[in-house]
Structure formats: C-alpha cells, structure tokens
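Single-structure report; data block below.
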Amino acid sequence: MTQALIVIDVQNDFCPHGALAVPGGDGIVPGINALMEHFPVVALTQDWHPAGHGSFASSHQGKAPYEVTQMPYGPQVLWPDHCIQGTEGAAFHPALKTDPAQITIRKGFNPAIDSYSAFFENDQTTPTGLEGYLRSRDVTDLTLCGLATDFCVHFSAVDAAKLGFGVTVDLTLCRAIDLDGSLGAALDAMRAAGVTLSGDPM
Ligand code: VGL
Ligand code: ZN
C-alpha cells in the first residue's frame, strides 16, 4: 500500500480577502504543512482558469455570481472571477509548503469546461492526468484536504473512490463554501461513494 496526500486548491483566492474566499480557508495551512511530512507522495492541485472562463458569472450576460446556469455538460454554479492563470489570486497561499510536493496538477484551464475534481473535468470524461501519475507511482490510498470541502474536495474524493483508490478526507483540514446546503449534500455524497470522512466538518 502506498499513500498519497492530495492538497486541493490552497490558493489565495480561496482564502480570506480572496476573490472566492472560503471562511477560515487559511486556517488549514499549518496542519497541511505538518501532514505532508507523513506521506511519501504529495500532490498539490491548483485551480487555473483563463480570463473569461465559462464558470465565471462575468462571462454570462445577466448572470450574477452564485446563480446556476446550464452548460452542455450539465448545471454549473457561476462564480466570481477567480484563480486566473498567473495572478496573485491563483498563487498558493504564501505559508503553504510546496517543496514537499512532487507534482502540481492544474485544472480548469479549458475555457468552456469547469473542473472541480482533480481527476476529471466537469464533463466527467476529460482526465487531468492525476490518475495516471498516481498509478505509475503505485499509489493505492489517498488522503485529501484543502478547499473547498463541498466543491473541489468533494468531487475529487468521489472520483478517486470511483477509480478504486482508498479515500479518506480529513475534514479538519478542509473548509467549506456551504452554498444552499452544499456542505451537507457533499458529505452525504462522499459517504455514499465509500469515502472515509475523518474529523468533524468545518
Ligand atoms: C472551487 C469553486 C470554483 C474549489 C474552484 O476549489 O472548491 N470552487 N472553483
Ligand atoms: Zn474555479
């Protein structure tokens, strides 16, 4: 058994004062830094959108952030502009240790398709390459942490379980957006997919 730690989207825009700030998002950084020391494989993900991305409300006439629209691949929450490639908002939180990570997976770069999951874009078909990387390093089991519990952590965990990895989400090292009950729904969906939830949701 080889264990990997997957650190989801600990970026400035998801931390306080960021464009899509997750309450308390920066509070998980010290715990994640400490946890990295215990894993032989560490991967970071980075939400990485081009300007004008299809998930931005500003790209849709008459739509406001947090409204839902219909995309060819299904319903899509529209977000404030965030994590634009190369900007300070897309950078990792300055206190996050990045040296222990062997790979950074960037996602959401396709202008027309969002990518919550670290494994597949929201069309649920286009791979990011993370599965291949983990398999070629003989990884069998994953621990996930990061931002946000109810979006990118949730979809990454469910996809990882579907792919056959053993998956634990450390809820103490995640923080949620919690839009219209999305945190409760995410916890239910992760449990139903066979994901082990450790600690209490925050
Ligand atoms: C995320 C909304 C939009 C996340 C990314 O990292 O959970 N949420 N883009
Ligand atoms: Zn995004």
From 101, 95, residue being assigned to a loop (DSSP other than H, G, I, E, B), surrounded by 15 or more Cβ atoms within 10 Å (Cβ to Cβ) and of a type in the set (A, V, I, L, M, F, W, C): 101
Number of the exception - residue 84 against (1) within 11 Å of ligand 2 (Cβ to nearest atom); (2) without any contact (Cβ under 8 Å) to a residue 24 or more places away in the chain: (2)
Lone qualifier among 54, 108, 25, 62 - being over 22 Å from residue 157 (Cα atoms), crowded, with 17+ Cβ neighbours inside 10 Å, modelled with pLDDT of 95 or more and not hydrophobic (A, V, I, L, M, F, W, C): 54
When residues of the stretch 149-177 are limited to those that are crowded, with 17+ Cβ neighbours inside 10 Å and charged (D, E, K, R), the one farthest from ligand 1 (Cβ to nearest atom): 170
Residue match in the stretch 125-142 (condition: touching a Ser or Thr at 6+ places or on another chain (Cβ under 9 Å), part of a strand (DSSP E or B) and more than 20 Å from residue 85 (Cβ to Cβ)): yes
Conditions (1) of a type in the set (S, T, N, Q); (2) near ligand 1 (Cβ under 10 Å from one of its atoms); (3) touching a His at 6+ places or on another chain (Cβ under 8 Å): number failed by residue 46: (3)
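The values are calculated or read from the model by the stated rules, or taken from the named source; none is laboratory data. If you're wondering where the values come from, they're calculated on a predicted model, not measured in any experiment. No Cβ is skipped: glycine too gets one built from the backbone with ideal geometry, and neighbour counts run over all protein chains shown.
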